[in-house]
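Notes for the one structure printed next.
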Amino acid sequence: MTDQALSTLPRRAKGPIAPPPALAGKLKEVADAVAGWPDVEATIHWRFDQPNRVDGVDFYVGSDELGHIHLDGSIHLATPPWLGSELVAEGLGKPFVWARGWTAASIHRLGVDRSVALFRRNYDRLRPSSD
């Protein structure tokens, strides 16, 4: 079983690196929680089909993409196959239709706490506890 997420891109390949946009409500709560974890860097998420259009916030742990939040509240997590399968089986996410190695969810469906917990499971995979 691999622990690598598939179809991820280095930050620079996704467009210019810039501070994340200001979010509001539930999106802000989730983004603030994730961005506050050690070693997490939050940057702007550009739209792939319109690379000059802001579409949310990317989160990286070192050079590894954790995932991102879109402005519509959708979450895309860069997950290895085993974690994606677990999240889908638990009803917390769905396979991402555009690329393998990603799991999709919605902040509006899950709420703040469960959305943060999704990111946390992926974060803990990327930055295992030293306990």
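Out of residues 5 or more away from GLY56 or on other chains, whose amide H comes under 5 Å of its own, with H placed 1.01 Å from N in the peptide plane?
Those qualifying (amide H under 5 Å, at least 5 residues apart or on another chain) are HIS45, LEU71.
Whole percent per 5 Å bin, from 0 to the bin with the longest distance: what is P(r) over all C-alpha pairs of the range 48-124?
The distribution over the range 48-124 is 3, 16, 28, 28, 17, 7, 2, 0, given as percents.
List the residues whose amide H sits under 5 Å from the amide H of GLY93, counting only those 5 or more places along or on another chain, with H placed 1.01 Å from N in the peptide plane.
Under 5 Å from the amide H of GLY93 lie the amide H atoms of VAL88, each far enough along the sequence or on another chain.
Assign unit charges at the C-beta atoms only (+1 for Lys and Arg, -1 for Asp and Glu), then state the dipole size of the chain relative to its Cα centre in Debye, rounded to the nearest 20.
320
For the chain, with the dipole built from +1 on Lys and Arg beta-carbon atoms and -1 on Asp and Glu ones, taken about the Cα centre, which of GLY73, TRP98, THR43 lies farthest toward the positive end?
With unit charges placed on the Cβ atoms, the residue in question is TRP98.
Determine, for each peptide in 59-71, 114-126, 36-48, 16-28, the mean count of other beta carbons within 10 angstrom over its residues, then list the peptides with the highest first.
59-71, 114-126, 36-48, 16-28
Given a 1.4 angstrom probe, I'd like the percentage of the accessible area of the range 1-76 that is carbon and sulfur, rounded to a whole number.
Carbon-and-sulfur percentage of accessible area, whole number: 54.
Could you sort THR79, THR8 by accessible area so the largest value comes first, with the probe set to 1.4 Å?
Listed by decreasing accessible area, they come as THR8, THR79.
Enter the accessible area per residue of the range 68-131 (Å², integer; probe 1.4 Å; all protein chains in place).
Counting only protein heavy atoms, the per-residue value for the range 68-131 is 52 Å².
Taking just the alpha-carbon atoms of the chain, what radius of gyration and Dmax come out, in angstrom?
Over the chain's Cα set, Rg and Dmax evaluate to 13.5, 43 Å.
Would you kindly derive the ³J(HN,Hα) couplings of the range 40-51 from the backbone phi angles with the Karplus curve 6.51 cos²θ - 1.76 cosθ + 1.60 (θ = phi - 60°), listing them in order in whole Hz, with x for Gly and Pro?
These are the phi-based 3J(HN,Hα) values: 8, 10, 9, 9, 5, 10, 8, 6, 5, 7, 9, x Hz.
The values are calculated or read from the model by the stated rules, or taken from the named source; none is laboratory data. These figures come from a predicted structure and were not determined experimentally. Neighbour counts are summed over all protein chains in view; Cβ atoms, including those assigned to glycine, are modelled from backbone coordinates with ideal geometry. Only protein heavy atoms, including side chains, enter the accessible area calculation; ligands, DNA and RNA are left aside. Shrake-Rupley method; radii C 1.70, N 1.55, O 1.52, S 1.80 Å.
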